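The values are calculated or read from the model by the stated rules, or taken from the named source; none is laboratory data. Since the structure is predicted, the reported quantities are computational estimates derived from the model, not experimental observations. Don't worry about glycine lacking a Cβ; one is built from the backbone with ideal geometry, like all the others, and counts go over all protein chains shown. Note: areas computed on protein heavy atoms with side chains; ligands, DNA, RNA excluded. Shrake-Rupley method; radii C 1.70, N 1.55, O 1.52, S 1.80 Å.
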Amino acid sequence: MEHEHDLIRQIIGGNTELFEKIVVKYQNLVYTVCLNIVGDSGEAENMAQETFLSAYSSLSGFRGDSFKSWICRIAVNKSIDYKRKRYIFEDYAELESVADIGNNVEELAERKERRHRLSGILNSLPEKYSAVIKSFYYDGLPVKEIANRMNKPERTVETRLYRAKKLVKERWGEDDG
């Protein structure tokens, strides 16, 4: 394979088909990193795909000496973000029953309360933030798709998502005390 820095320059220069060489070279490594963090093969595949999409879209920002380290860092961050969002943001569509959680009525009540509390926090956010965070977590849309649907730049959607998450975390903490 060509020297990676030359390959990256060619991709940034418009020869986007060459990105496949990077995917082929690093796909097993990226998948393994994701799998070790998320613990689910299907979600690890999704995180690996998101890693490569993110790497591709930010390739012009690559300034490091080691592409391998850079792409692994993206994979780690994507996987950790996935774990965080699954911890805080529960899926509304999930059918809950006492049997689903081992006949533990107290746990069922706690899960419903957390979901209700989160719903209240999300509904209290300014619309521009709640729309983005709900689209991302509940609808499972990538930032690019949200940006297209809202007719906003991706960077704007990313900023709104970041601010929304920050507001949720702050309000979640305020409700504790």
- Query: Taking into account only those residues within region 44-60 that are open to solvent by less than 50 Å² (accessible area, probe 1.4 Å) and free of Cβ contacts under 8 Å to residues at least 40 places away in the same chain, which is nearest to the chain's Cα centre (by Cα)?
  - Reply: 47
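Conditions (1) farther than 28 Å from residue 48 by Cβ; (2) outside any helix (DSSP H, G or I); (3) at pLDDT below 85, marked per residue:
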site: 121; (1), (2), (3): yes, no, no
site: 128; (1), (2), (3): yes, no, no
site: 145; (1), (2), (3): no, no, no
site: 152; (1), (2), (3): no, yes, no
- Which ones in region 112-132 are of a type in the set (A, V, I, L, M, F, W, C) and free of Cβ contacts under 8 Å to residues at least 40 places away in the same chain? 131, 132
- When residue 86 is run through (1) modelled with pLDDT of 85 or more; (2) open to solvent by 100 Å² or more (accessible area, probe 1.4 Å), the failure sits at (1)
- Please state which one of 97, 60, 69 is modelled with pLDDT under 85 and under 26 Å from residue 6 (Cα atoms). 60
- Query: Would you say residue 81 is at pLDDT below 75, under 20 Å from the mean Cα position of the chain (by Cα) and open to solvent by 30 Å² or more (accessible area, probe 1.4 Å)?
  - Reply: no
- For region 154-177, which residues satisfy the criterion of being modelled with pLDDT under 90, basic (Lys, Arg) and either more than 24 Å from residue 120 (Cβ to Cβ) or surrounded by fewer than 13 Cβ atoms within 10 Å (Cβ to Cβ) (or both)? none
- Task: Test residue 17 against the criterion of being out of contact with any Ser or Thr (no Cβ under 6 Å at 6 or more places or on another chain), in a helix (DSSP H, G or I) and modelled with pLDDT of 90 or more, and give yes or no.
- Result: no
